[in-house]
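Structure record follows, encoded as structure tokens.
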Amino acid sequence: MNDSVGKGAGKTRDIIAASVELEKRRMALLLEEAQRLMAERDPTALLHHVCTAARPLTQARFVGVGIVDGDGAIDDFVAVGLDEAVVAELRRSMEANHDHPARGVFELRQIVRGVNPGGDPVAICLPAAHPPVHSYVFAPVASPSHVYGWLALVEKEGASVFSDEDTQVASTLGAMAGMAYENARLVAQLQAQADELREHEEQTDFAMTAARSGVSYRDLDSSLVELSPSTAQLFGFPAGTRRVSQEQLYERVHPEDGPLIRAAVQRAIDEHGEFAL
């Protein structure tokens, strides 16, 4: 009897140790994925990272991430484990079917977890071409301030349902993905604005170069002057010159105009007024 109790206790310890080890590996993978997500600047590539990370972490056969726009249409959708034709059909059906579980995730910011004993994908609003589905988890992809979409874990490998731990992993991945996606979108917007500003500056400088005019400015606490490309060209500085000293500018002024220019600059500084001759 004691032998039997001892063996049972040993098995229990082994199970607990294996469970603890699994959670340690999951945590390490989650931390590694968090670093990868925060470094990613391409929003679609970021969604691929989330999908590929979720499969080994939860043993989900299929994983998908959908990003939804303000009108409820799917703006971006990535799935792994499915044929491309099925992915395209899945996206269309999700956009058309307002009863799909993913809608509640996006609209109510809550996790949806369920089972589908018969495995019929149509029973849970998936296209008939989708492989059988017996279990699923949908978690929000959200930052603290905004819900961007959902993360779907579909068909647990080796089990009939996703566990509480799987659901927690999905929730954590969704939160990490939401923050990373928000950052990636912000970086993309800033890059687009910078590109637009650069193009505007290039057009403006082209116009000033054609008109043989330019722009320069100086911080009064510094002797350095910032030059527009057209100004640098007018004064004969090498291409790419953007900053010179005030004295370097004076050296390129005609000797007869030098005293007038110096006096006008000093008067503008003293009177906090416009530079005028």
In segment 144-193, what residues are aromatic (Phe, Trp, Tyr) and closer than 17 Å to Thr52 by Cα? Trp150, Tyr181
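Would you be able to tell me the number of residues in segment 128-164 that are more than 14 Å from the chain's Cα centre (by Cα) and in a loop (DSSP other than H, G, I, E, B)?
Step one: list which residues in segment 128-164 are more than 14 Å from the chain's Cα centre (by Cα), which gives 128-140, 144-145, 150-164.
Subsequent filtering for residues that are in a loop (DSSP other than H, G, I, E, B) retains 128-134, 144-145, 157-163.
Residues flagged as more than 14 Å from the chain's Cα centre (by Cα) and in a loop (DSSP other than H, G, I, E, B) within segment 128-164 amount to 16.
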Has segment 123-131 got any residue that is open to solvent by 20 Å² or more (accessible area, probe 1.4 Å) and within 17 Å of Gly178 (Cβ to Cβ)? no
Single match in Arg103, Arg41, Arg61, Arg13 (criterion: open to solvent by 20 Å² or more (accessible area, probe 1.4 Å) and modelled with pLDDT of 85 or more): Arg61
Pairs returned, first residue in segment 91-116 that is under 21 Å from Ala129 (Cβ atoms), second residue that is among the small types (Gly, Ala, Ser) and assigned to a helix (DSSP H, G or I), beta-carbon separation under 9 angstrom, 6 or more apart or interchain, are Met94/Ala102; His100/Ser93; Asn116/Ala123
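Quickly run through segment 88-100 and pick out the residues that are open to solvent by 30 Å² or more (accessible area, probe 1.4 Å) and not in a loop (DSSP other than H, G, I, E, B).
Taking segment 88-100 and keeping what is open to solvent by 30 Å² or more (accessible area, probe 1.4 Å), we get 88-89, 91-92, 95-99.
The answer is Ala88, Glu89, Arg91, Arg92, Glu95, Ala96.
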I'd like the residue in segment 64-85 that is farther than 25 Å from Val161 by Cα, assigned to a loop (DSSP other than H, G, I, E, B) and not acidic (Asp, Glu) and, out of all such residues, is modelled with the lowest pLDDT. Gly72
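Report yes if Arg55 is assigned to a helix (DSSP H, G or I) and surrounded by fewer than 21 Cβ atoms within 10 Å (Cβ to Cβ), otherwise no.
Numbers: assigned to a helix (DSSP H, G or I): yes; surrounded by fewer than 21 Cβ atoms within 10 Å (Cβ to Cβ): yes.
Judged against the criteria, Arg55 is a match.
The values are calculated or read from the model by the stated rules, or taken from the named source; none is laboratory data. What you see is a predicted model; the values in this text were computed from it and never measured. In this analysis, Cβ positions are derived from the backbone assuming ideal geometry, glycine residues included, and neighbour counts consider all displayed protein chains. Side chains are part of the model used for accessible areas, which takes the heavy atoms of the whole protein and leaves out ligands, DNA and RNA. Shrake-Rupley method; radii C 1.70, N 1.55, O 1.52, S 1.80 Å.
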